[in-house]
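See structure below.
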Amino acid sequence: MTINQHGPQGLISPGSGIEPQPTPVALMDAQALREAFGRFPSGVIAVCGMVDDRPVGMAVSSFTSVSLAPPLVSVCMQTSSRTWPKLRELPRLGLSVLGEQQGEVCRALAGAEDKRFAQVHWETTGEGAVVLPGAVAWYTCTLRAELPAGDHTIALLEIDRLWTLPSVEPLVFHGSRFRRLDDGARSAVPA
């Protein structure tokens, strides 16, 4: 089947029973790629720790579970980050999976470095990891490896401890904005 079978612009009329096809992008520039990446919803993670008796942290949306044994996750940071070089030296990092009510926390952690924790409530563990109350889950982690990946660095982290708060829904980032999960029966898709 070719896209021309669906009409002159490759569009499908609603209710036709035929699924619409993605529109090809003529020029793959950084903006087009960013928009395409933004079509994939993700959670938002705060990566934080204590540096010189002060909380330091940032928000990241590239978080992946990697392994159950050993318990590993990965996060990706821009190579231009001024925060990651401070965090990567710490013995323990705190990861907080932000909850749906923490959009302002995410904005603060993505803002000016010296003001990130001005309005953000935080707690520290005995090992110096920083976690954020109201999050869906907390992990304390140790950096195990880093891998250069284009304009980002992939950090492989081993989980030491974790806590979960099942009653809180996660913050979802999609299409350059925050969204909520819809757990209604009509939106459920069988696995």
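Protein heavy-atom surface of region 95-181, 1.4 angstrom probe: 54% of the accessible area is carbon and sulfur, with nucleic acids and ligands not counted. For q = 0.20, 0.22 Å⁻¹, what log10 I(q)/I(0) does region 41-97 give under the Debye formula with an equal point scatterer on each alpha carbon and no solvent? For region 41-97 at q = 0.20, 0.22 Å⁻¹, log10 I(q)/I(0) is -0.78, -0.91. Segment THR124..SER62, full-extension length gain: 20.0 nm, with 0.36 nm per residue of separation and the alpha-carbon distance subtracted.
On full extension of the chain, what length is gained from THR164 through ARG82, given 0.36 nm per residue of separation minus the C-alpha to C-alpha distance?
Values: separation 82, 0.36 × 82 = 29.52 nm, distance 2.94 nm.
Roughly 26.6 nm would be gained on extension.
A cut-off under 11 angstrom between Cβ atoms defines the neighbours of VAL73, and their net charge, with Lys, Arg +1 and Asp, Glu -1, is 0. Here the 3J(HN,Hα) profile of region 139-146, calculated from phi with Karplus coefficients 6.51, -1.76 and 1.60 at θ = phi - 60°, is 10, 9, 9, 10, 5, 10, 6, 10 Hz, Gly and Pro shown as x. For the pair ARG180 and ASP52, label points projected 7 Å from Cα toward Cβ lie 4.2 nm apart.
The values are calculated or read from the model by the stated rules, or taken from the named source; none is laboratory data. Note that this is a predicted model, so its numbers are computed, not measured. Glycine gets a Cβ as well: all are built from the backbone with ideal geometry, and neighbour counts include every protein chain shown. Ligands, DNA and RNA are excluded from the accessible area calculation, which covers all protein heavy atoms including side chains. Shrake-Rupley method; radii C 1.70, N 1.55, O 1.52, S 1.80 Å.
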